[in-house]
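Some notes on the structure that comes next.
The values are calculated or read from the model by the stated rules, or taken from the named source; none is laboratory data. Treat the numbers as computed from the prediction; the structure is a model and nothing was measured. Reconstructed Cβ throughout: ideal geometry from the backbone, glycine too, with neighbour counts over all protein chains shown.
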Amino acid sequence: MAFIDVRRLYHRYPGSPVHSLSDISFQIEPGEYLAVLGANGSGKSTLVRCLDGLAEIESGTVRLGGLDPMNADELAQLRARTGLVFQSPADQLVASVVEEDCAFGPENLGLPREEIARRVASALEAAGLLAERSRPAWALSAGQQQRLAVAGALALEPELLLLDEATAMIDPPGRTGFLDLIGRLNAEGATVVHVTHSMDEALRARRVLVLHRGRLVFDGAPGDLFERPELEAWSLSRPVSLEAARRGRATFPEFRPAGQAPSDFRDELARLARLARPARQAKAAPLARAAERAPAASVDAPSDDDALILEKVAHEYLGGTELSRRALDGVSLRARKGELVALVGATGSGKSSALQHGNALLAPSSGQVRILGRDPAAKGADLKALRSRAALAVQRPETALFETCVGDDVAFGPRNQGLRGKPLVERVRSAMERVQLPYAEFRDRPVRALSGGEKRRAAMAGVLALDPELLLLDEPCAGLDPAGRESALALQAALKAEGRAVAVSTHSMDDATRADRVYVLERGRVVAEGSPAEVFLGTEPPPGLERPWAAEASVLLWRAGLTAAPAALDAAALADEALAVLGVPSSGGGPRAAGEGAP
Amino acid sequence: MKDLEFFRNATLGQYVDSRSRVHALAPLTKYLGLLALAVPALASRTAYAALAVMALGLLVALAAKVRPAFLLRGLKPALPALALIVALQALLSWPGDASAVLLRLGPIDVTLGELANSARIAARLAALMVTLGLFTATASESQIVHGVEDILAPLSRLGIPAHRLALVVGIAFRFIPILAGEAELIVKAQASRGADFGSGTRNPLRRVKAWLPVLVPLMLRALERSEALVEAMEARGYAGGLRSRLATYPVGPREKALRAGLVLFTLVSAILVSMAPAPFGT
């Protein structure tokens, strides 16, 4: 019998006219690694909640190891065998000390103290947190907190791990550590159900379910899913690895890498190159280091083009108290008008703090800040006016929506600027249209009736309605599905094309390749800067980070002597690069071939 | 320019992990210590007595390697409330206040008795805040919870759910920094949209209006966060029933003696300070 058995499952939230899940049926065998994909609001999280008895089933049956989550006694047994990890690391900490948080599950089972201690030790060991056992849980990094959540689940010694977008809020190194841990547990026999927006993570699974508007529209292998024409309609996208191979295959049908690693791409290309023209060997050019090629921009004299300049900015939170913490340590960066600047780095590296200096929410402990040519520290500086010209969208800006109707909330900013009447309506209308919330339709829509993705867009409209010259966006794409992410990136490009300066922080190296300039932060310092090509195609990956997939593959092609220099940052450019190796003339049309990368 | 920082002076509720001998005590002992200072502070009838209790608290802080300045900074947010109390004392008269009038301004007169009362109330409040600050600086969140559990443990035989009550206390403490963090984010979001924060307006009406866009989403977030916490707890098998506990706090003979001493001190000092004659017959 299947381990998880779901038949004709229906679910509806109280008061909602539509089903959030309709007619879902599937079976999962013990030891499977299953990914669940779907747009924001497609019902993925609801499905997980139905499995763990957190959401009430309307009709249909759900069985986990033969247990029924709708039966109170069986639910207790079921939860003792199931570990659930949620999206937000901080939200799922129950106790304040690492080992006590880990012990919460077994304590609920009423196990004897010695048994709890044994389980906690082995769970923390598996999650790599044994050294942190007596630290306060809030002091861990987001990645560590998420591994603690897994440890808390592991202490139950579960047969099933349910992961609900568990990697959405952790940085790339934290994510890698987390996924490796999950992979190891799966290899040891645990069944894994992983809800995710990341197509790369879906590739780790052997089987994928896709939900679309509450219905199960796909159940099969990831390789088959990404060949499906409906991909875009389901708000999904193809992982860069598959996209590059697919583009290569369009002109070179034999091009079939054995796996999804950048090295597989290289090996396949090398094999085909040997077959095609054994004599051809591109000469490897020496590769400049990113730092050596970095432009001297940061020492330029300030000009009218500069929307934001941070000059050796240091910032200490709670300075002079027991809890002081240095967030920035001499950061210099600038964003010019008509330029998109990306800040990347691990959690706690100072990205948010740097952005908050950009609209004078934070004042530097030392160093200089100039915002749109003004010094916010000058006497009599009108910070309120300055902040609405240099607007910041905080992380998860949708949490700050407060008016009942969408239109009123978007109008909050321009109203504070003194706009009234027709100009105000026009400002609100155009801001809402820009984020695809048609004014006539959404103006009077209650905020609480919006989906998560719509709320994010409404919050973004509230910032755009200020008509700012400088936009500071703190992780604007976090938690969005691929379609939402793509339209957010398109919006950033459009804002920049209008001559505004845009500074974003992001955990996605792929997003960062779309910027004009990338700053890599580590522990409050800028450790690398330059164009995406300079930062991602140097001999070494940026400190503490990994290259985007296409850039990694491109560097491997160059290392193997196949190309003269690494130049690709995205799937299209990589495919062109590969085809050039095979003697096929470039299609002329990757959107960007990252020309700067070639010396 | 002012930074929008919320935690700067909020020392109440902040644990200072200095690993002193005070920190090493069992939670129950720390609760007894809290009582030993709080009871005489509340019972005190003169400002001197309350200040003496505060001084004692600061001495214990030294032993606990918690800087007295850290605890005193915690008084800063309470200053407006103190000012209000003193003003009310001056405005209203005590019945039968026969003490000397120091100052007369139209209908308002300030008497020596009123002055003494203001000083006593201020000193009591300060002593209490220092005591509580010292307690939270030396007892971590989980120890506060375990302490409640240990105090109520005898009652659980009578069917009183000690653990559930302890959990309520623990969650209340946990939500202080959570709500402060959420409030900070929301304030920053609204300030970025031109709301009046940190731009130094003194108009009280504008200040109140500026806070409305913070309170509404803050309430929503508080509900969302508590719902998330409930789900996280349920998913790990919490059902409110019988549980076991990982943490234990072995208590040696010296600590047992200390506990007895603290109880004795509480009783004696409370009697002593409350017997002292209140000045000026108030």
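Kindly provide the set of residues from the range B:211-245 that are assigned to a helix (DSSP H, G or I) and within 7 Å of chain A (Cβ to nearest Cβ), ordered by number.
B:P213, B:V216, B:P217, B:R221, B:R225, B:A228, B:L229, B:E231, B:A232, B:M233, B:E234, B:A235
Six or more apart or on different chains, Cβ under 9 Å: which pairs go from a residue in the range A:110-138 that's within 14 Å of another protein chain (Cβ to nearest Cβ) and without any contact (Cβ under 8 Å) to a residue 60 or more places away in the chain to one that's surrounded by fewer than 18 Cβ atoms within 10 Å (Cβ to Cβ) and polar (S, T, N, Q)? Could you list them?
From residues that are within 14 Å of another protein chain (Cβ to nearest Cβ) and without any contact (Cβ under 8 Å) to a residue 60 or more places away in the chain, the pairs are A:G110/B:S244; A:L111/B:S244; A:P112/B:S244; A:R113/B:S244; A:R113/B:T248; A:E115/B:S244; A:I116/B:S244.
With (1) within 16 Å of the chain's Cα centre (by Cα); (2) within 23 Å of A:L231 (Cβ to Cβ) as the list, and A:S451 as the residue in question, which single condition is left unmet?
With (1) within 16 Å of the chain's Cα centre (by Cα); (2) within 23 Å of A:L231 (Cβ to Cβ) applied to A:S451, the lone miss is (1).
Taking into account only those residues within the range A:248-259 that are touching an Asp or Glu at 6+ places or on another chain (Cβ under 8 Å) and surrounded by fewer than 22 Cβ atoms within 10 Å (Cβ to Cβ), which is nearest to A:A568 (Cα to Cα)?
A:R256
Looking only at the range A:350-360, decide whether some residue is within 7 Å of chain B (Cβ to nearest Cβ), over 15 Å from A:Y519 (Cβ atoms) and touching a strand residue (DSSP E or B) at 6+ places or on another chain (Cβ under 6 Å).
Yes: one or more hits.
Have a look at B:A276, B:A235 and point out the one that is modelled with pLDDT under 85 and small (G, A, S).
B:A276
Given the criteria more than 30 Å from the chain's Cα centre (by Cα) and outside the structural domain of A:M460 (by TED's automatic domain parsing), does A:Q417 qualify?
Spelling it out, it is not the case that A:Q417 is more than 30 Å from the chain's Cα centre (by Cα) and outside the structural domain of A:M460 (by TED's automatic domain parsing).
Exactly one of these conditions fails for A:V120: (1) within 22 Å of A:R79 (Cα to Cα); (2) surrounded by 22 or more Cβ atoms within 10 Å (Cβ to Cβ); (3) in contact with a strand residue (DSSP E or B) (Cβ under 7 Å, 6 or more places away or on another chain). Give me its number.
Here A:V120 clears every test but (3).
Among the residues of the range A:402-416 satisfying the criterion of being facing another protein chain (nearest Cβ under 7 Å) and not hydrophobic (A, V, I, L, M, F, W, C), which is surrounded by the most Cβ atoms within 10 Å (Cβ to Cβ)?
Top of the filtered list is A:G413.
Is it the case that the range B:114-131 has a residue that's within 14 Å of chain A (Cβ to nearest Cβ) and crowded, with 22+ Cβ neighbours inside 10 Å?
No, the conditions are met nowhere in the range B:114-131.
Would you check which residues across the range A:498-511 are closer than 17 Å to A:D200 by Cα and small (G, A, S) and list them?
A:S508
Among the residues of the range A:365-394 satisfying the criterion of being more than 7 Å from chain B (Cβ to nearest Cβ) and polar (S, T, N, Q), which is surrounded by the fewest Cβ atoms within 10 Å (Cβ to Cβ)?
Ranking the candidates gives A:S366 first.
Among the candidates B:S274, B:S226, which residue alone is surrounded by fewer than 18 Cβ atoms within 10 Å (Cβ to Cβ) and assigned by TED's automatic domain parsing to the domain that holds B:L179?
Exactly one residue qualifies, and that residue is B:S226.
Just wondering, is there one or more residues in the range A:363-371 that are within 29 Å of the chain's Cα centre (by Cα), of a type outside the set (A, V, I, L, M, F, W, C) and not in a loop (DSSP other than H, G, I, E, B)?
No, every residue in the range A:363-371 fails to be within 29 Å of the chain's Cα centre (by Cα), of a type outside the set (A, V, I, L, M, F, W, C) and not in a loop (DSSP other than H, G, I, E, B).
It is to be established whether one or more residues within the range A:154-175 are within 13 Å of A:L84 (Cα to Cα) and assigned to a helix (DSSP H, G or I).
Within the range A:154-175 (the criterion being within 13 Å of A:L84 (Cα to Cα) and assigned to a helix (DSSP H, G or I)), the answer is yes, since at least one residue qualifies.
Please give the number of the condition A:R457 fails out of (1) more than 13 Å from chain B (Cβ to nearest Cβ); (2) surrounded by fewer than 21 Cβ atoms within 10 Å (Cβ to Cβ); (3) under 24 Å from A:K337 (Cα atoms); (4) of a type in the set (K, R).
Failing condition for A:R457: (2).
Does the range A:152-173 hold any residues that are over 21 Å from A:L47 (Cα atoms), surrounded by fewer than 23 Cβ atoms within 10 Å (Cβ to Cβ) and of a type outside the set (D, E), and which are they?
A:P172, A:P173
If we keep just the residues of the range B:179-210 that are more than 10 Å from chain A (Cβ to nearest Cβ) and part of a loop (DSSP other than H, G, I, E, B), which is modelled with the highest pLDDT?
Looking at residues that are more than 10 Å from chain A (Cβ to nearest Cβ) and part of a loop (DSSP other than H, G, I, E, B), I get B:N203.
Can you tell me which residue is nearest to A:L37 (Cα to Cα) among those in the range A:260-275 that are surrounded by 18 or more Cβ atoms within 10 Å (Cβ to Cβ) and modelled with pLDDT of 90 or more?
The qualifying residue nearest to A:L37 (Cα to Cα) is A:P262.
Can we say A:T399 is surrounded by fewer than 24 Cβ atoms within 10 Å (Cβ to Cβ), at the interface with chain B (Cβ under 10 Å from one of its Cβ atoms) and over 17 Å from A:D467 (Cβ atoms)?
For A:T399, the condition - surrounded by fewer than 24 Cβ atoms within 10 Å (Cβ to Cβ), at the interface with chain B (Cβ under 10 Å from one of its Cβ atoms) and over 17 Å from A:D467 (Cβ atoms) - is met.
List every residue pair whose Cβ atoms sit under 8 Å apart, with the two residues 6 or more apart in sequence or on different chains, where the first one lies in the range A:422-446 and is surrounded by fewer than 16 Cβ atoms within 10 Å (Cβ to Cβ) and the second, anywhere, is part of a loop (DSSP other than H, G, I, E, B).
Listed by first residue and then by second, the contacts come to A:P446/A:T404.
Within the range B:147-154, is there a residue that is closer than 25 Å to B:L59 by Cα and at pLDDT 80 or above?
Among the residues of the range B:147-154, at least one is closer than 25 Å to B:L59 by Cα and at pLDDT 80 or above, which makes the answer yes.
Go over the candidates A:D91, A:D52, A:D101, A:D73 one by one and state the one that is within 14 Å of chain B (Cβ to nearest Cβ) and either over 30 Å from A:A139 (Cβ atoms) or modelled with pLDDT of 95 or more (or both).
A:D73
Kindly check whether there is at least one residue in the range B:110-133 that is part of a loop (DSSP other than H, G, I, E, B) and either hydroxyl-bearing (S, T, Y) or at pLDDT below 90 (or both).
Within the range B:110-133, none of the residues are part of a loop (DSSP other than H, G, I, E, B) and either hydroxyl-bearing (S, T, Y) or at pLDDT below 90 (or both).
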